[in-house]
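Chemist: Starting off with a structure, shown below.
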Amino acid sequence: MVSLACEPKECKLIKQAMVLAAGLGTRLSPITYYTPKPLFPILNTPILKLILEGPLKEFSKVIINSYHLSDQIALFIKNLYPHNSHILLIKEPHLLGTGGALKNALSFMDQDSPILVYNADIITDFNPSLLYNFHLNISRKYKAIATLLLHDNNAFNNIKCNTCNLYEDITAFRIKSKNSLAYTGIMVIEPRFIKSFIKNKPCDIIDIFSKALMYGKKIIGIKISKLVNHYIWEDIGTIRGYLNAHKLLLKSKNKKFYIPHELDIKRYRLTLLDWVCIGDNVLFKNTHPIIIKHSVIWSNTKIDNSFTYINNMIITDKGILELK
């Protein structure tokens, strides 16, 4: 296991992060027509709150970009952290992509400190400070422009690497091969490299990284398994991923169900199977029994008499998504 202790000089740097929260969330429409994905509840808590008060709680500066339903995100931040000056929300004029978003936020970053980039649509119990410290102590010694947190996930493996003693030397992107790994949605990047991006132009960070490799720049990858022995990770950008995130988190808490204490299951003749998450103030108007399995029901939702078997579903007051 690599030593991740900060060197005294590096500890004086500002520990900063950026949360990418501007996307349209099209894979979860029509619910995302009304609620931005970063505010989707996970175990009844908005994802953005989980990120800010969990993985990023150790960071002294957090930048959040927004575009789709940005007013909702702005109001959420204002209400939740009315006196917190370390969180900055930046509204984009149009979708800029990851590369464009970083360039758009560059002037708000400390130019001497690396910045952790965190996708708002992932759920994980991994502590990103481990990656941040790895970049400070290892990647900077090799003059790497970025460090990507990787794992072996067959559905997403497309980053080609050469394995070194301490890290993965990334050689190509969007290539499936024997040595390919998957990007987790968490990385650390140097602001000096972001300076080279074109301002106000939408751009994909992977395209930028691919060109950087052609020009001899070094990009390092580190497998989660080299930093921790066990971790939870899920992309909640799909119905399957959103549901599975609940399953994984409930299992980690040794729970099957996440429901309000005041919910009278017997009164409403509910049968809960395997795992279930039910929000607050859900109004059950059924006159017959309902079986609920592998499903999430958001707060303030009405369950009418048309439901008898709820399975692999996300039910909200704005729409229903079902895993086929």
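Chemist: Can you tell me how many residues within the stretch 276-301 are touching a residue at least 24 places away in the same chain (Cβ under 8 Å) and part of a loop (DSSP other than H, G, I, E, B)?
Modeler: Of the residues in the stretch 276-301, 4 are touching a residue at least 24 places away in the same chain (Cβ under 8 Å) and part of a loop (DSSP other than H, G, I, E, B).
Chemist: For residues in the stretch 29-71 being farther than 25 Å from PRO260 by Cβ and among the acidic types (Asp, Glu), which is modelled with the lowest pLDDT?
Modeler: Among residues in the stretch 29-71 that are farther than 25 Å from PRO260 by Cβ and among the acidic types (Asp, Glu), the one modelled with the lowest pLDDT is GLU58.
Chemist: Do you know which of the residues in the stretch 308-317 that are part of a loop (DSSP other than H, G, I, E, B) and surrounded by 13 or more Cβ atoms within 10 Å (Cβ to Cβ) is modelled with the lowest pLDDT? Let's see the steps before the verdict.
Modeler: Narrowing the stretch 308-317 to residues part of a loop (DSSP other than H, G, I, E, B): 308, 312, 316-317.
Narrowing the set further to residues that are surrounded by 13 or more Cβ atoms within 10 Å (Cβ to Cβ) leaves 312, 316-317.
Values: ASN312: 98, THR316: 97, ASP317: 94.
Among those that are part of a loop (DSSP other than H, G, I, E, B) and surrounded by 13 or more Cβ atoms within 10 Å (Cβ to Cβ), it is ASP317.
Chemist: Any chance you could count how many residues in the stretch 157-172 are in contact (Cβ under 8 Å) with a residue 60 or more places away in the chain, in a loop (DSSP other than H, G, I, E, B) and touching a Leu at 6+ places or on another chain (Cβ under 9 Å)?
Modeler: Adding up the residues that qualify gives 0.
Chemist: Name the residues in the stretch 211-265 that are farther than 30 Å from HIS135 by Cβ, part of a loop (DSSP other than H, G, I, E, B) and of a type in the set (A, V, I, L, M), would you?
Modeler: Result: ILE259, LEU263, ILE265.
Chemist: Would you please list the contacts, defined by Cβ atoms under 6 Å and residues six or more apart or on different chains, that run from a residue in the stretch 55-71 that is at positive phi and crowded, with 19+ Cβ neighbours inside 10 Å to a residue that is outside any loop (DSSP other than H, G, I, E, B) and hydroxyl-bearing (Ser, Thr, Tyr)?
Modeler: Pairs found: none.
Chemist: Please verify whether the stretch 107-115 includes one or more residues that are touching a residue at least 12 places away in the same chain (Cβ under 8 Å), more than 21 Å from VAL228 (Cα to Cα), hydroxyl-bearing (Ser, Thr, Tyr) and surrounded by 19 or more Cβ atoms within 10 Å (Cβ to Cβ).
Modeler: yes
Chemist: Could you tell me whether any residue of the stretch 253-262 is farther than 17 Å from ILE122 by Cβ, at pLDDT 95 or above and of a type in the set (Phe, Trp, Tyr)?
Modeler: Checking the stretch 253-262: at least one residue is farther than 17 Å from ILE122 by Cβ, at pLDDT 95 or above and of a type in the set (Phe, Trp, Tyr).
Chemist: Scan the stretch 48-82 for residues that are under 14 Å from the mean Cα position of the chain (by Cα), within 26 Å of LYS103 (Cβ to Cβ) and in a helix (DSSP H, G or I) and jot them down.
Modeler: Listed by number, the residues that qualify are LEU48, ILE51, LEU52.
Chemist: Sticking with this structure for a sec: Within the stretch 209-242, take every residue that is assigned by TED's automatic domain parsing to the domain that holds THR32 and free of Cβ contacts under 8 Å to residues at least 40 places away in the same chain and give me the one that is nearest to the chain's Cα centre (by Cα).
Modeler: HIS230
This table checks each residue for (1) over 17 Å from the mean Cα position of the chain (by Cα); (2) at pLDDT 95 or above; (3) of a type outside the set (Lys, Arg); (4) not assigned by TED's automatic domain parsing to the domain that holds LYS223.
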{"residue": "ASN84", "(1), (2), (3), (4)": "yes, no, yes, no"}
{"residue": "ILE90", "(1), (2), (3), (4)": "yes, yes, yes, no"}
{"residue": "LEU102", "(1), (2), (3), (4)": "no, yes, yes, no"}
{"residue": "THR124", "(1), (2), (3), (4)": "no, yes, yes, no"}
{"residue": "LYS141", "(1), (2), (3), (4)": "yes, yes, no, no"}
{"residue": "ILE159", "(1), (2), (3), (4)": "yes, yes, yes, no"}
{"residue": "CYS164", "(1), (2), (3), (4)": "yes, no, yes, no"}
{"residue": "ILE170", "(1), (2), (3), (4)": "yes, yes, yes, no"}
{"residue": "PHE173", "(1), (2), (3), (4)": "yes, yes, yes, no"}
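Chemist: Something else about it: Are any of the residues in the stretch 211-219 closer than 18 Å to ASN162 by Cα, buried (at least 19 other Cβ atoms within 10 Å of the Cβ) and not hydroxyl-bearing (Ser, Thr, Tyr)?
Modeler: Checked against the condition, which is being closer than 18 Å to ASN162 by Cα, buried (at least 19 other Cβ atoms within 10 Å of the Cβ) and not hydroxyl-bearing (Ser, Thr, Tyr), the stretch 211-219 yields at least one hit.
The values are calculated or read from the model by the stated rules, or taken from the named source; none is laboratory data. All values derive from a computational prediction rather than experimental measurement. Quick reminder, even Gly has a Cβ in these numbers, built from the backbone with ideal geometry, and neighbours come from all protein chains shown.
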